[in-house]
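First up is the structure itself, then whatever we jot down about it.
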Amino acid sequence: MYNYHVTVWRNKIGKEKLKIGELAELSNLTKRTIDYYTNLGLLKVERSSSNYRYYDHSAIERLHFIENCKNSGMSLEEIKKKLIDEDSEEIDVLELRLKIKGLEKDVSQILDQLGKHDSMNQEYVKKHVSHESLSLIQTLLLLLN
């Protein structure tokens, strides 16, 4: 039954959110269990203006993760700590990716300006590159040399 529901879920097009009943059906859990996990903070939920709970499709995988952890003997408190750790690592990775994109932009601007050797361009580089980016660039240059 799980494979059928996952296949149906993966075939859905778009980014629609799931109501608790839909999530219960797709995850093979009861609405009461999902509500309990939500109240414990194990699941993220959005509320509509009419107070309906809407879950992201990733909640299906998260529920299966929770159930697998429970079956291996973990308490819900241990599972919650593990999920918090994973969520914070995910945030850190996203933050790093954003910083790297910013650094790439800064480096490309610097390379464009360094090709032209006048003092006005050097002043532009000083004003538009953050101190953090300069530090990262200097560290990269040290590592490359």
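Some notes on this structure:
- Segment S50..I84, full-extension length gain: 9.4 nm, with 0.36 nm per residue of separation and the alpha-carbon distance subtracted.
- Residue-wise HN-Hα couplings along region 59-70, as the Karplus relation 6.51 cos²θ - 1.76 cosθ + 1.60 with θ = phi - 60° gives them from phi, are 5, 4, 5, 5, 5, 5, 4, 4, 5, 5, 5, 4 Hz; Gly and Pro carry x.
Each reported figure results from applying straightforward, stated rules to the coordinates on display, with no laboratory input. Please read all numbers here as calculations on a predicted model, not as lab measurements.
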